[in-house]
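Heads up: the structure comes next, in structure tokens.
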Amino acid sequence: MHTDPTDSAPSPKPVLTATDPVSDPRRWWILATIGVAQLMVVLDATIVNIALPSAQTDLGFSDSGRQWVVTAYAMAFGSLLLLGGRLGDMFGRRRTFLIGLTGFALSSALGGAATTFGVLVTGRVLQGLFAALLAPAALALLSTTFTDPAERGKAFGVFGAIAGSGGGVGLLLGGVLTDGLNWRWTMYVNLVFAAIAGLGALALIRPRPTGRRPELDLPGAVLASSGLFCFVYGLSGAGSASWSSPRTWGFLAAGAALVVAFVWWQTRTPHPLLPLRIVLDRVRGTAFLALLIGGAGIFGVLLFLTYYFQHTMGYRPVMTGLAFLPMALSITTTSMVSNIVLLPKAGFRVLVSTGMVLAACGMAGLTRLSETSSYATYVLPALIVFGVGMGLIMSPSINLGTAGIDPADIGVGSSLIKTMQQVGGSLGTALLSTIAAGTVADQLAGRTPTPQLMAEATLKSYHAAFATSAGIYALGAVVTLTMLPRKLSVPVARGAAPTGRR
């Protein structure tokens, strides 16, 4: 059985350490439980997307309302993650995990039973709120359960595979449920995931005394949550309202000011919500940045390739989901291999930077798509290369971003992992949507918008989004090569420090 992490001494300065002397004999079943909960949260970001046209027809809301079904979840989730992580540190990760699971399931039931647009959006907001409790608690439980370096690599390989491929799985499952049943089952299916994970948590995860309970930094929580809300809201609106609109830059400016105030406050308060030592560590900070870049770039695939499949190629929802399956499988396989086999030999720097390069190549390959492109010739190779790249990025970065954090701060540290991915996704959606919309406008300027011209302009907008995503990953390769030490890797023995030479 683990010792209580809150009773442990703070981890030493090196990023990768092990703190618990004894492993929980049920740790692999705990991993399965955490994995089910993680899959539920990750796939929910995309599972509803394919169902939106059916939900719109059923409930009768406008085209502009479709964005709010997605944005409502993203805003609540992204803005409350840091607070949710600290609440897990304060009141226990098992308790927070179970509350998050229960609330997420009930919120999903509310959304699935919605008879009006307002009820559906309310359900999505509540889903995001409880996901902000659940996601950091799940990652914190994983980090404190697996501390042996070799086993930690395997566990984070599984977790990274779920995190990286969950979006594609969500598109596939959303298509199957929408075609086979109806859009409401994209919400109801969460009750099944929550029941499995909840029963597993009750049976396998032992309650632990809270020990030294951190103080809640209430001013910091208000500043962080409101700042992240403004930032995510501003980014979410940029795709439809443009970057130059007062709403967009007003919320972005307010978000930036609040985040700056939050950082200032964290240097003054004796009990910070986010101890800055977590993010100021150069290696861990680079891992957070890699996750931000990964989240921003992947929307070039999930969003615009979905449009290409359905609008240009005429795929049904279930076929769209199946088209993403090779990407999901390649992410899953590579995540496992990278953490278990490659990481001890090559180190983080080589894996993450190589992943960035491969992801850039995959996105660049999608810029060759036409209205008559063969899936097997043009799309499939690019998706596989991209998936291998994402597997090399996500799993090692999550491992690196959570290792070596003081056990009393592991909840808020884990929440920062999810915050980077969520903000990155919002940034990517806004940036790529704006670039795509601008490309269409440029193509149609001064010309009569015939159906053929519209189709060509739309295809060029996809190309612009894919090319921008490729550029984002190329920048990520430069950043990780520059900032990560050459020989940073997993220690071979318990408590051993990482090796790193400049």
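The values are calculated or read from the model by the stated rules, or taken from the named source; none is laboratory data. Everything quoted here is computed from the prediction, not taken from an experiment. Ideal geometry is used to build each Cβ from the backbone, glycine not excepted, and the neighbour counts take in all protein chains shown. Keep in mind that these areas ignore ligands, DNA and RNA; they rest on the heavy atoms of the full protein, side chains included. Shrake-Rupley method; radii C 1.70, N 1.55, O 1.52, S 1.80 Å.
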*Can you find even one residue in the stretch 142-158 that is among the hydrophobic types (A, V, I, L, M, F, W, C), more than 23 Å from Val423 (Cα to Cα), at pLDDT 75 or above and open to solvent by less than 10 Å² (accessible area, probe 1.4 Å)?*
yes
*Applying the selection to the stretch 278-306, what residues are in a helix (DSSP H, G or I) and charged (D, E, K, R)?*
Arg282, Arg284
*Would you mind stating whether Val412 is open to solvent by less than 10 Å² (accessible area, probe 1.4 Å) and among the β-branched types (Val, Ile, Thr)?*
yes
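Yes/no matrix, rows are residues, columns are (1) open to solvent by 30 Å² or more (accessible area, probe 1.4 Å); (2) assigned to a helix (DSSP H, G or I):
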residue	(1), (2)
Pro449	yes, no
Ala457	no, yes
His463	yes, yes
Ala467	yes, yes
Leu475	yes, yes
Thr482	yes, yes
_Tell me the residue from Asp89, Asp44 that is closer than 29 Å to Ala323 by Cβ and not hydrophobic (A, V, I, L, M, F, W, C), please._
Asp44
*asked:* So for the stretch 325-337 (the condition being under 26 Å from Met483 (Cβ atoms) and surrounded by fewer than 21 Cβ atoms within 10 Å (Cβ to Cβ)), does at least one residue qualify?
replied: yes
*Restricting the first residue to the stretch 79-97 and requiring it to be on the phi < 0 side of the Ramachandran plot, which pairs with a second residue that is open to solvent by 20 Å² or more (accessible area, probe 1.4 Å) and of a type in the set (Asp, Glu) meet a Cβ separation below 9 Å and a spacing of at least six or different chains?*
Met90/Glu215
*In the stretch 307-317, how many are in contact with a helix residue (DSSP H, G or I) (Cβ under 6 Å, 6 or more places away or on another chain), assigned to a helix (DSSP H, G or I) and either open to solvent by 40 Å² or more (accessible area, probe 1.4 Å) or modelled with pLDDT of 80 or more (or both)?*
3
*Conditions: (1) of a type in the set (A, V, I, L, M); (2) open to solvent by 60 Å² or more (accessible area, probe 1.4 Å); (3) under 27 Å from the mean Cα position of the chain (by Cα); (4) modelled with pLDDT under 80. Ala430 meets all but one. Number of the miss?*
(2)
*Specify which of the listed residues (Thr320, Thr306, Thr332) is under 23 Å from the mean Cα position of the chain (by Cα) and closer than 17 Å to Ser395 by Cβ.*
Thr332
*Can you find even one residue in the stretch 120-137 that is among the hydroxyl-bearing types (Ser, Thr, Tyr) and without any contact (Cβ under 8 Å) to a residue 60 or more places away in the chain?*
yes
